[in-house]
Amino acid sequence: MILLLPEMLRGHTTPHLFISSYSGILDFSKASADCEGSSGLAGWPMEHTWNKERLHHLIESKLQGRKFIVVSNREPFMHRRRADGTVECIRPASGMATALHPIMMASGGTWVAHGAGDADRTVVDEEDCVMVPPGAPGYKLRRVWLNDELERGFYYGLSNEGLWPLCHITFTRPEFRPQDWQDYKTVNRLFAEAVLEEAQGGRALVFIQDYHFCLLPRMLRKMSAGRIVCAQFWHIPWPNREVFRAFPWGEELLDGMLGNDLMGFHIHHHCQNFLDTVDRSIEARVDTDRSEVLRRKHVTRVRPFPISIDFAAASQMAQSDEVTQAMEGWLEKLPGLRGRKIGASIERLDYTKGIPQRLHALEHVFETQPQLRGKLCFVQIAVPSRDHLSSYQAEQSAVDEAAARINARFGNATWQPV
């Protein structure tokens with residue numbers, strides 16, 4: 001995930017920074033100043049490659065003593081019980097967590113997240129905190145506890161049955177339930193209280209992740225009397241204003257987001273959609289030339305932070321002995337792949353990924369190009385996700401049915417297409 005650090009510290013100018021690697025390799029760039037006569041982080045070069053030492057210097061010497069706090073729903077480390085009753089610490093699959101981990105190791109900051117592991121409570125101290133990673137602790141993980149009812153309404157309900165399909169503009173109808181909205185507000189307040197406890201009344205820079213915490217920035221601005229600076233990165237698309245109109249609590253949600261000093265999206269188009277939505281939905285002054293919004297005498301800067309992978313590092317890794325050994329290991333596990341062309345896709349099992357449609361396309365290829373039968377294998381790895389929701393259960397059934405149909409139509413004793 002491509003993530004950003006705040007562009008604005010209250011009363012001072014900072015650069016906007018982003019990580020251009022899914023693997024957590026730091027490549028910060030485009031450091032710039034927006035205000036004349038400012039101090040803080042101004043003066044850093046426009047193009048720069050950042051390593052851990054430079055990042056550490058940036059955080060230590062240029063954030064002027066502010067605490068650095070990251071907020072996300074998913075935690076970077078999870079504790080769970082093994083079958084024998086012992087506790088293990090794992091890293092959940094998350095590009096966002098992978099990218100932010102080096103920043104946290106360099107800053108020694110605090111990460112506030114939902115404690116979702118079945119053994120998470122057993123390892124925290126009396127303040128619900130634990131140092132991570134185990135063995136070489138570099139930062140503090142503060143866990144927030146949600147009961148099943150709150151998690152269902154906040155996470156599975158409003159966030160993933162409401163905002164997720166709405167913002168992706170899929171043909172899956174969003175669900176908007178008043179109780180889910182109440183649970184969403186309750187959870188945002190719980191996280192606000194946790195952040196304030198970690199800030200301890202001092203100045204802090206809070207980096208908020210994604211669509212789970214739209215109300216948090218405004219809450220923090222009010223509850224901290226302006227001592228907390230907020231930046232938020234929106235990891236999914238932002239829809240056009242006509243689509244957003246379907247959201248029943250749009251004014252309150254937008255007001256919450258405009259508590260940020262910086263609001264980041266993946267691409268310029270999403271920024272434009274957001275600005276247009278604000279302009280047509282609530283009372284605020286939108287400056288499209290400067291990509292800023294003024295509401296309640298507070299300016300929110302809206303910026304794109306385009307994403308990519310670290311192509312050079314990925315290419316180098318592909319040529320390594322470790323990858324060659326791993327490939328041989330997979331060929332031993334799946335001998336039917338040996339000597340054939342291989343297509344592969346790895347992602348979460350989610351209806352926004354188009355996995356059934358991809359398999360339908362593959363079926364069409366085998367129908368129209370019979371010379372590829374027996375020569376091409378497609379490997380689909382889909383990590384189960386949100387399987388409490390009926391839409392995701394239906395997606396899994398569609399994937400299973402498509403794969404079974406293709407294998408039955410075209411496969412034989414020595415070749416399995418999917």
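Out of A225, A199, A231, I need the residue that is crowded, with 22+ Cβ neighbours inside 10 Å and not polar (S, T, N, Q). Which one?
Step by step, each of A225, A199, A231 is checked, and only A231 is crowded, with 22+ Cβ neighbours inside 10 Å and not polar (S, T, N, Q).
Is it true that R177 is surrounded by fewer than 15 Cβ atoms within 10 Å (Cβ to Cβ) and not assigned by TED's automatic domain parsing to the domain that holds R91?
Here the answer is yes, as R177 does meet what is asked.
Select the strands (runs of 3 or more DSSP E) contained entirely in region 85-134, then report the ones holding at least 1 residues which are crowded, with 16+ Cβ neighbours inside 10 Å, hydroxyl-bearing (S, T, Y) and modelled with pLDDT of 95 or more.
Strands (runs of 3 or more DSSP E) meeting the threshold: 110-114.
How many residues, within region 243-265, are loosely packed, with under 15 Cβ neighbours inside 10 Å and out of contact with any Leu (no Cβ under 7 Å at 6 or more places or on another chain)?
Total meeting the criteria: 3.
Specify which of the listed residues (L258, L254) is touching a strand residue (DSSP E or B) at 6+ places or on another chain (Cβ under 6 Å), under 30 Å from T186 (Cβ atoms) and not small (G, A, S).
Just one listed residue meets the conditions, L258.
Hey, could you check region 114-141 for residues that are of a type in the set (V, I, T) and in contact with a Leu (Cβ under 9 Å, 6 or more places away or on another chain) and say which is farthest from M104 (Cα to Cα)?
Among those that are of a type in the set (V, I, T) and in contact with a Leu (Cβ under 9 Å, 6 or more places away or on another chain), it is V124.
Could you please give the count of residues in region 316-345 that are charged (D, E, K, R), touching a residue at least 24 places away in the same chain (Cβ under 8 Å) and farther than 22 Å from N412 by Cβ?
Total meeting the criteria: 0.
For residues that are free of Cβ contacts under 8 Å to residues at least 40 places away in the same chain, of a type in the set (V, I, T) and assigned to a helix (DSSP H, G or I), tally how many sit in region 351-381.
Looking only at that region, the number is 2.
Mind checking which residues of region 266-283 are charged (D, E, K, R) and buried (at least 17 other Cβ atoms within 10 Å of the Cβ)?
D276
Quick check on R218: is it basic (K, R), touching a residue at least 24 places away in the same chain (Cβ under 8 Å), surrounded by fewer than 22 Cβ atoms within 10 Å (Cβ to Cβ) and touching a helix residue (DSSP H, G or I) at 6+ places or on another chain (Cβ under 9 Å)?
no
Does region 250-258 contain at least one residue that is within 20 Å of the chain's Cα centre (by Cα) and in a loop (DSSP other than H, G, I, E, B)?
Yes, region 250-258 contains at least one residue that is within 20 Å of the chain's Cα centre (by Cα) and in a loop (DSSP other than H, G, I, E, B).
This table checks each residue for (1) out of contact with any Ser or Thr (no Cβ under 6 Å at 6 or more places or on another chain); (2) touching a residue at least 24 places away in the same chain (Cβ under 8 Å); (3) in a loop (DSSP other than H, G, I, E, B).
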residue: H212; (1), (2), (3): no, yes, no
residue: A225; (1), (2), (3): yes, no, yes
residue: V229; (1), (2), (3): yes, yes, no
residue: F274; (1), (2), (3): yes, yes, no
residue: V278; (1), (2), (3): yes, yes, no
residue: E283; (1), (2), (3): yes, no, yes
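Does V71 qualify as being in the same structural domain as G256 (by TED's automatic domain parsing) and under 30 Å from R245 (Cα atoms)?
Taking the combined requirement at face value, the residue satisfies it.
Give me the pairs, please: first residue somewhere in region 394-407 and assigned to a helix (DSSP H, G or I), second residue anywhere and surrounded by fewer than 16 Cβ atoms within 10 Å (Cβ to Cβ) and not hydroxyl-bearing (S, T, Y), beta-carbon distance under 8 Å, and either six or more positions apart or on two chains.
What qualifies is Q396/P384; Q396/D387; A402/H360.
Return the residue satisfying two criteria in turn: it lies in region 364-418 and is touching a strand residue (DSSP E or B) at 6+ places or on another chain (Cβ under 7 Å) and surrounded by fewer than 14 Cβ atoms within 10 Å (Cβ to Cβ), and of such residues it is farthest from L166 (Cα to Cα).
K375
Would you check if N240 is surrounded by fewer than 17 Cβ atoms within 10 Å (Cβ to Cβ), over 30 Å from G201 (Cα atoms) and polar (S, T, N, Q)?
yes
The values are calculated or read from the model by the stated rules, or taken from the named source; none is laboratory data. Treat the numbers as computed from the prediction; the structure is a model and nothing was measured. All Cβ positions, even for glycine, are placed from backbone atoms using ideal geometry, and neighbour counts span all protein chains on display.
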